[in-house]
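> Could you have a look at this structure, given as structure tokens, before my questions?
Only the coordinates and a few stated rules stand behind these numbers; no lab work does. Everything numeric here is computed off the predicted structure, so don't read it as measured data. When we count neighbours, we look across all protein chains shown, and the Cβ atoms used for this are built from the backbone with ideal geometry, even at glycine.
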Amino acid sequence: MNLPRTRTLRPSLRRRLLLALLVPVGVLLLLDALLTYGVALTYANRVHDRDLSDDALTLATMLGNDKLDGELSPQARFLLEYDPDGHSYFAVSSARHGLLASNGQLSPPAQLPAIGARPILYDAQLAKRALRAATVRIAMRSDPGDSLVVTVAETLRDRHRQAREILLLASVTQTLLIACVLSLVWFGVGRGLRVLDPLTARLAARTNELTPIDGPDVPLEIRPLTRTIDALFGRLRSMLALHDRFIADAAHQLRTPLAGLSLHVERAMADPQPETMADTLAHIRRLVQRVARTSAQLLALTRAQAPPPEAGERSLLDLGQFIPGAVAERVHEAIRAGIDLGYEGSGRPLFVLGDAASLQDLLDNLIDNAVRYAGRGSTVTVRLSARADGGANLSVEDNGPGVPPDALPRLSERFFRAANHNEEGSGLGLAIVQRIAERHHAEVTYRLVEPHGLCVEVRFPASSETTVGPA
Ligand SMILES: Nc1ncnc2c1ncn2[C@@H]1O[C@H](COP(=O)(O)OP(=O)(O)O)[C@@H](O)[C@H]1O
Ligand SMILES: [Mg+2]
């Protein structure tokens, strides 16, 4: 059955860079457009203002030469009223005759200019339309006692149109420029990443080498990455070394009983005496049990070292219920071995975040050790108590011979076995306990108890901060 493939978009430096640039560049473009429009409008205003005052002056000079008898000549009227677009306005008045002509109620400037002075420019309004006006006052040639005030005005339409044209032109060129810059970024990233080629080539030439990859050809910006990879390689190297040692140790541990087995079998085959056969078979059974036990412990240690379970597979486990249950399962076996196995706990729930199967392994190893090493007639007590910080303490204590004090710090080492007993074993049980405890962020401590015996304590952190950690 073909499942539909979901395509996930890989992160891309180019896309990220372009997206990061696009928004600020867009905002800048907008600000720039506003600025350009403002500058263009100022420029257009200046040019139009100059034209307007020139018009006012020219008109006034022309009318001042006419002989006015309270009325304008037809030629002057024609000139004034010539306005093909309907955007120009005028008003002419004389001191003696009042308003002579106008094509709209133009408001006068706040203060009339002096006779013969430069035209005054001001903002005016006509029927809610914003206008720009220029007013000039000149003396009449034909009547020196009279003066003529000429005002011309225009709407702001042309000024805004010119500013818009300039803005459009500028926007087109700026958009092209930005498109060029963004494509340079696009290709630049590709070119820039070529500095990684030597590193890639060096890595491609490796087969299974785990030496550091950092070198003089690694770009500055990539160094945090290569350092992290080198740290990872370092951890892998020590893990591989650990594995190599482990395989060698395991082979050694299995070789001894297997060699013994082969020896007993050969001896029995060479001299098949019925009277010694039972003895030989007992030896063989003991060795087979030892091999089986060592391989089971090796498997358990491998399990304890495997990556921790996914977050979803972990659950809150009530040790207050789980531990007495697990102890009860071992009681019959303990009675057969002549051991008084007991449990002490408050009976209250005590939660840790963890995995029941591995905690069962942990407890089994501790009870197994206590029962075997303490010996017939001893007492083994499993205790569970809550700590003030919300964590839990689990301990397994016996009143057996304990271990020599100098062996205490080495008990969690793989294959370590104290020399004060003749019990069979692999030396892996407490290494398994240690790994399982680490996965639960718990701490294992060993102490000798008075007058004799060993107590192993596992301190679990409070469940809110308990997670199953990396292997
Ligand atoms: N309860 C105990 N009393 C005395 N010695 C112990 C006890 N538990 C562990 N030991 C010592 O620690 C060693 C390591 O234990 P372990 O890692 O479980 O391996 P194994 O039990 O296979 O020898 C044992 O060989 C034994 O010498
Ligand atoms: Mg053991």
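> Do any GluC sites (Glu not before Pro) in segment 314-403 lie in a DSSP loop with no more than 10 other beta carbon atoms within 10 Å, and if so, which?
In loop regions of segment 314-403 (DSSP not H, G, I, E or B), there are no sparsely surrounded GluC sites (Glu not before Pro).
> Could you point to the residue in TYR373, GLY427, PRO224 farthest towards the positive end of the chain's charge dipole, with +1 and -1 charges on the Cβ of Lys/Arg and Asp/Glu respectively?
With unit charges placed on the Cβ atoms, the residue in question is PRO224.
> Something else now. Can you compute the charge dipole magnitude of the chain about its Cα centre, using +1 on each Lys and Arg Cβ and -1 on each Asp and Glu Cβ, nothing else charged? Give it in debye, rounded to the nearest 20.
Around 800 debye, computed over the chain.
> State the dimensionless ratio Rg/Rh of the chain (Rg: radius of gyration of Cα atoms; Rh: Kirkwood radius).
Details: Rg = 50.5 Å, Rh = 33.4 Å.
With Rg and the Kirkwood Rh in hand, the quotient comes to 1.51.
> While we're here: What span do the alpha-carbon atoms of segment 310-465 cover on each of the three principal axes, reported in whole Å from largest to smallest?
Projected onto the principal axes, the Cα atoms of segment 310-465 cover 44, 29, 27 Å.
> Just rank SER53, SER378, fewest to most, by other beta-carbon atoms within 10 angstrom.
Fewest to most other Cβ atoms nearby, the residues stand as SER53, SER378.
> If you don't mind, there's one more thing I want to ask. Could you tell me which residue out of LEU52, GLY26, THR42 lies farthest along the dipole of segment 1-71 toward its positive end? Charges go on the beta carbon: Lys and Arg +1, Asp and Glu -1, centred on the Cα centre.
Most positive-ward Cα: GLY26.
> Give the shape of segment 15-164 as rounded, prolate or oblate, defined through the alpha-carbon gyration tensor: a ≥ b ≥ c are the square roots of its eigenvalues, a/c under 1.5 means rounded, and otherwise the shape is prolate if a/b is larger than b/c and oblate if not. Kindly include the intermediate steps, with their values, before the conclusion.
On the way: a/c = 3.75, a/b = 3.13, b/c = 1.20.
It comes out prolate by the Cα gyration axes.
> Using the Cα centre of the chain as origin and beta-carbon charges of +1 (Lys, Arg) and -1 (Asp, Glu), tell me which of ASN65, MET140, LEU9 is placed farthest towards the positive end of the dipole.
ASN65
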